[in-house]
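Okay, so here's the structure we're looking at.
Since every read-out is calculated from the coordinates, none of them should be taken as a lab result. Nothing here was measured: the structure is a model prediction, and the numbers come from that model. Heads up, the Cβs are rebuilt from the backbone with ideal geometry, glycines too, and the neighbour counts pull from every protein chain shown.
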Amino acid sequence: MSKTSKQTLRDRVNQRNGLIVPGAFNALSAKVVADQGFEAVYLTGAGLTNMYYGIPDLAFIGLRDVAEHTARIRDAVDIPLIVDGDTGFGNAVNVYHTVKALERAGADAIQIEDQTFPKRCGHFSGKEVAPLPEMLGKIRAAADARVDENFLIIARTDSRAVLGFEAAIDRARQFAEAGADILFVEATESLEEVRQVPKLLKQPQLINIVVGGKTPALPAEELGGLGYGLVLYANAALQSAVTGMQRALGILKRDGKLDEDPELVAPFRERQRLVSKALYDELEKRYAS
């Protein structure tokens, strides 16, 4: 019997060899991630907020937004899907509902963080964290709510920037005791901290590399050697997409025309390949009257 995407993700995480997981902000970007051969994809809350609404990652999206895009991405790709659940959209009871909704929509794992509302991007200043008992209740609720035992609970702490590194490690340990499968100490600020996290925590860990953010970047192979299970590039695709749009539209504005330069824009045929145009052509022929 073949493995489910949830079982596949759990097995890969437990190998702790630095599985790279790019972030997607819609179904097409998820298809690009899968098409490039990555083994898992992450629905990024920051990317969804930026690309869907055009505003900063400051807790403007809700469960309906995330569930809708989870379902769209699940329909578009078969690889394991990790979903950013922010703070769970409320208290522990809300987290229970959030997990139910996102697992039903097609998520294989959910990430929940310990910021207070309104939360903000993990690499912004001015964050605050919720009391520890409140977050522990959310983790227990998330673990109780899942239907499939292979559905993973990723518990993120943003306390490094607020309470310090040692306090963040202590919080992460208690998250594990409450039922978290994967631990995520957000925004570590030095190579020494990056190297220490896997030594101090028993559960698999996720590290988030934000291009231009606070955490120093190391190659995924080296991070895997340190023991990280997941290496998240949550918004690399978004940042590169913005650059691509700016370049192409800048030339269009300057020259008044834009040619099909594969170094600048995806060729028309490539765009149709990514969205499976040939499949729908075949379906039209199959069901033609």
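Under 19 Å from a label point set 7 Å out along the Cα-to-Cβ vector of residue 162, the amide N atoms of segment 213-238 belong to 214-215.
Here the Karplus relation 6.51 cos²θ - 1.76 cosθ + 1.60, evaluated at θ = phi - 60°, turns the backbone of segment 32-41 into coupling constants of 5, 4, 5, 5, 7, x, 6, 8, 7, 9 Hz, with x for every Gly and Pro.
Note the angle between two axes, namely the Cα long axis of helix 5-15 and the longest principal axis of the Cα atoms of the chain, as a number of degrees from 0 to 90, rounded to the nearest 10. For helix 5-15, the angle is close to 60 degrees. The GluC sites (Glu not before Pro) found in segment 236-275 that occupy coil by DSSP, while having at most 15 further C-beta atoms within 10 Å, are 260, 263. Karplus-derived 3J(HN,Hα) values for segment 25-31, using 6.51 cos²θ - 1.76 cosθ + 1.60 with θ = phi - 60°, are 10, 6, 5, 5, 5, 5, 5 Hz; glycine and proline are entered as x.
Scanning residues 5 or more positions from residue 20 or on other chains, those with amide H under 5 Å from its amide H are 231, with H placed 1.01 Å from N in the peptide plane.
Computed from backbone phi with θ = phi - 60° and the Karplus coefficients 6.51, -1.76 and 1.60, the 3J(HN,Hα) list for segment 257-273 is 7, 9, 8, 7, 8, x, 7, 10, 9, 5, x, 3, 5, 5, 4, 5, 5 Hz; x is used for glycine and proline. The C-alpha atoms of the chain define a longest principal axis, and helix 132-145 lies at about 60 degrees to it. Report which label in (1) 6, 27, 36, 24, 7, 1; (2) 6, 24, 33, 26, 10, 2, 0; (3) 6, 28, 35, 20, 9, 3, 0 holds the value of P(r) over Cα pairs in 10 Å bins from 0, in percent derived from the coordinates of this structure. Given (1) 6, 27, 36, 24, 7, 1; (2) 6, 24, 33, 26, 10, 2, 0; (3) 6, 28, 35, 20, 9, 3, 0, the structure-derived one carries the label (3). With contributions of -39500 (n - 2.57) from each DSSP H run of at least four residues, the per-residue ellipticity at 222 nm computed over the chain stands at -14500 deg cm²/dmol.
Distance cut-off 31 Å, Cα to Cα: go down the list 31/202; 3/285; 3/214; 127/199 and report the pairs above it. As for pairs spanning more than 31 Å Cα to Cα, those are 31/202; 3/285; 3/214. Once the Cα atoms are used to define both axes, helix 92-105 deviates from the longest principal axis of the chain by about 30 degrees. Of the residues 242, 32, 231, 77, the one with the fewest other Cβ atoms within 10 Å heads the list, and the complete ranking is 242, 32, 77, 231. Proximity of backbone amide H atoms, modeled 1.01 Å from N, is registered between residue 115 and 130, 158 at under 5 Å, excluding neighbours fewer than 5 places apart on the same chain. With both partners inside the chain, how many of the DSSP beta bridges are antiparallel, as a percent to the nearest 5? About 5 percent, rounded to the nearest 5.
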